[in-house]
Structure formats: C-alpha cells, structure tokens
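One structure is given here, and the rest of the page talks about it.
Rule-based calculations on the coordinates, nothing more; no lab input. Keep in mind it's a predicted model, so treat the numbers as computed, not measured. We place every Cβ from the backbone using ideal geometry, glycine too, and count neighbours over all the protein chains shown.
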Amino acid sequence: TPLLSVRNLKRQFGKAGPAAVEDVSFDLAPGEILALIGPSGCGKTTTLRMIAGFEPPDHGAISLRGRDITATPAEKRGIGMVFQDYALFPHMDVARNILFGAREKTPQTVARALSMVGLDGYGSRYPDELSGGQQQRIALARSFAAEPSLILLDEPFSNLDAALRHATRREIRALLKNAGIGIIIVTHDQEEALSFADRLALMRDGRIVQHGTGQQIYDRPVDAFVATFLGRTNLVPGTARGELCDTPLGTVRLAAPAEGQVTLSMRPELLELQAAAEAGNGRVTGVEFKGHDMTYWVDCAGREMQVDVMNGPRLGEGAAVDLSLRGEAVVLRDPA
Ligand code: ADP
Ligand code: MG
C-alpha cells in the first residue's frame, strides 16, 4: 500500500474565480521523494497545506498508510512540514526548538535529531547564532524529532545562496533516504526537482499535468507547457503518417505513431548541424557561446530553432546548414 494517497483534492478560496487546487490525485510510496513543481500560483503550497492538515479540502480524500486522515487535525497526522522561512522560535535555543513537537521530550531525542542533520552539540545555540543552512537543518531536525512517516518541504532551500544550496540539498537528500521517510518537496527550481526527487508531478492551474520520473517527463513531455517548463525545446509543426512525420527539417521518426497535423517537440541537444554543401534546410542566425556547449539559432523555413552543440563545426552567422534530428520527435497533445 502507498504511504500517502491523495484523491481528487479541491480547494477554492472565495466564491468566484478558479479554484487554487482544482483536482489533484497521486500516491507516494514509503521512502519515496516526490517533487511538486510548477509556476507560481499553480496550487503547490495549498496542496501541501491540505495534506498537512492546515487547510480543509472542499472535496477529496487523503489517506496515510491506508487510513483516511481527511478530517484528522494537523497535530494528530504524524506529518512534518518545513517551510521556506524555517520558522524556528527565535527566543528558544536549538534543543527547545527540537523538543517543541517531539513525541519523547528527552535529551536523547535532541541528540539523535541533531546527529541526523550533522549538527551534534548545537543544542544550546540560539537561531540567530546559526547560518541559514544550519537553521534549515535544525528545522528539519525538529520535524524528525516528531518521528513522522512523511515530511512536506515547501521551497526548503530557497533562502540559501547557490553554493550552499547545492551542498545542503545533497546532504539532506542522503539523510532522508537513509531514514526512509516519505518526502514531498515543493520547488520552482527544475534542476533541484530533478536532482532531489525520485519522481516529479508537474502542476498547472490546480491540476497535475504530468507525473513520472524526471527522465520520463523530459524525454516524453505530454504538451508544450511541460516541454518548456522542464528544459528547453523546439516546437515544430508536422504532418504525421504513422511512425514518420514530414517537417520543415525533412522526414523524422516519431516516438509514438500519429496521423495528420501535429505539433512536435525536438530538444535542442537532439538536433544536429552540418555545414551544407548546397542550399541546406537552414541558415545560422545567431551563435551563443555558453562554456561547455554552444547554442546555435537557426532559421528553418521561417521558424527559429535552437540547436545545442558540444563539439561541432564552428559555423558563423549566415552559414547555410543541414539541420537534422537524432532520435525521435515527440508528438504533443497541443493543437497543431
Ligand atoms: P503556489 O504555492 O503554487 O505558488 P499557492 O497554493 O500558494 O500556489 O496558491 C494558489 C492560488 O491560491 C493562488 O492564486 C493564490 O493567490 C491563492 N491562494 C492561496 N492561499 C490563499 C488564501 N489563504 N486566500 C486566498 N487565496 C489564496
Ligand atoms: Mg508556494
């Protein structure tokens, strides 16, 4: 059985307008890390708050280990929640912060929680004596001390600077994986979602548009919104006839058979450029040097395409090129 099961959650603030969360369903396996991602305002925080018990759903059901907790008060759910702003009590030392929600209020509880986050001996410090990264780890230690089977993290690393953020999230991921606790992390950072989570659920307008592993979503986005939210892509029109599709770059293979007018996604790194012997099917309109690779902007039948090249021929602006696709194009469900 799943650790957490969420079915048809809905939450509307006020009478008019669209719901903050329209219809959200998913399962979380024990020890699994799920990232909830999507643009600002799509309903991520509201979803977490309903799972934690801070916000009552208008509709839908939440169960934890097969037990319905939809009407259970927050403090009885055994779910930890860590927010972006840590929310440590400034007038309490670290030990008292940790013991605040703990089931067993003993010095061992504090020692165990501190050791899990690699901050042994910090019990008598006050929050303002800690760095941002340390405060964030104490907030996590505090949620561990309550012995939850599930922890919800809302933008937990967004107050940390880039370098610290990377290191902290690696440490915390290892720690959570060891503890076997289920995690839902909300982030607007796609790289963070990809590196931290086992699976991703991408939300838009209060609904999950696609879920799966990062690789599944990146390789087979269902629509243009997903394809451009997770990575960059080229949207190309085509006429499909089964496994093949006629496009401005010639005939390409499709990841799944289709018929008629379609919109395709072609990732920039799957496109290839060659200096054209004759006219070619494209012309270089811009070159962007990015360090480890380059992006070429190529006009192809009046459409601007992005092509990422690691070690290719150096082509200047205006060069005539042959543009081709390595691998398969993905048919999106957007109208052509
Ligand atoms: P996200 O975390 O994805 O940015 P939120 O869940 O915070 O999105 O918000 C979803 C929508 O619900 C937004 O339009 C937001 O303005 C609205 N909303 C969130 N909380 C409240 C509230 N307490 N009262 C009224 N509207 C809210
Ligand atoms: Mg939010």
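Key figures for this structure:
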item	result
Point-to-point label distance, ASN311-PHE13, nm (Cα→Cβ direction, 7 Å offset)	5.3 nm
Order by protection proxy (mean Cβ within 10 Å, highest first), peptides 308-315, 11-18	308-315, 11-18
Cβ charges +1 (Lys, Arg) and -1 (Asp, Glu), total dipole of segment 199-331, debye	400 debye
Least to most buried among ARG142, ARG77 (fewest other Cβ within 10 Å first)	ARG77, ARG142
Spin-label pair THR213/ALA277, simplified geometry with 7 Å Cα→Cβ offset, distance in nm	4.1 nm
Computed magnitude of the charge dipole of segment 1-57 (debye, nearest 20; Cβ of K, R +1, Cβ of D, E -1)	240 debye
Ranking of PHE289, PHE196, PHE225 by count of other Cβ atoms within 10 Å, fewest first	PHE289, PHE225, PHE196
Flagged links, alpha-carbon separation over 32 Å, of LYS10/LYS105; LYS10/LYS290; LYS15/LYS44; LYS10/LYS76	LYS10/LYS105; LYS10/LYS290
Relative exposure of ILE185, ILE138, judged by other C-beta atoms within 10 Å (fewest first)	ILE138, ILE185
Charge dipole (segment 123-237, unit charges on Cβ, about Cα centre) - positive-most of THR168, LEU150, THR187	LEU150
For the chain, built as a Gaussian network whose Cα springs stay under 10 Å, the top-fluctuating residue of PRO107, PRO56, PRO221	PRO107
Mean Cα-pair separation over length for the chain, i.e. relative contact order, pairs under 8 Å, 6 or more apart, %	16 percent
Phi to ³J(HN,Hα) by Karplus 6.51 cos²θ - 1.76 cosθ + 1.60 over segment 203-216, Hz, x for Gly, Pro	9, 8, 6, x, 10, 7, 7, 7, 9, x, 6, x, 5, 4
For LEU4, distant residues with modelled amide H under 5 Å away	LEU28, ARG65
Point-to-point label distance, HIS166-GLN261, nm (Cα→Cβ direction, 7 Å offset)	4.6 nm
Segment ALA29-SER324, length gained on full extension (0.36 nm per residue, minus Cα span)	102.1 nm
For ALA319, residues with placed amide H under 5 Å, excluding near neighbours	VAL284
Placed amide H near LEU153: partners under 5 Å, 5+ positions off or other chain	VAL82, ILE184, ILE185, VAL186
Whole-Hz ³J(HN,Hα) from phi, Karplus 6.51 cos²θ - 1.76 cosθ + 1.60, for segment 92-104, glycine and proline x	10, 6, 4, 4, 6, 4, 5, 6, 3, x, 5, 6, 10
Total charge dipole magnitude, segment 1-98, about the Cα centre, Cβ charges on Lys, Arg, Asp, Glu only, Debye to nearest 20	180 debye
³J(HN,Hα), Karplus 6.51/-1.76/1.60, whole Hz, each residue of segment 34-41, x for Gly, Pro	10, 9, 9, 10, x, x, 4, x
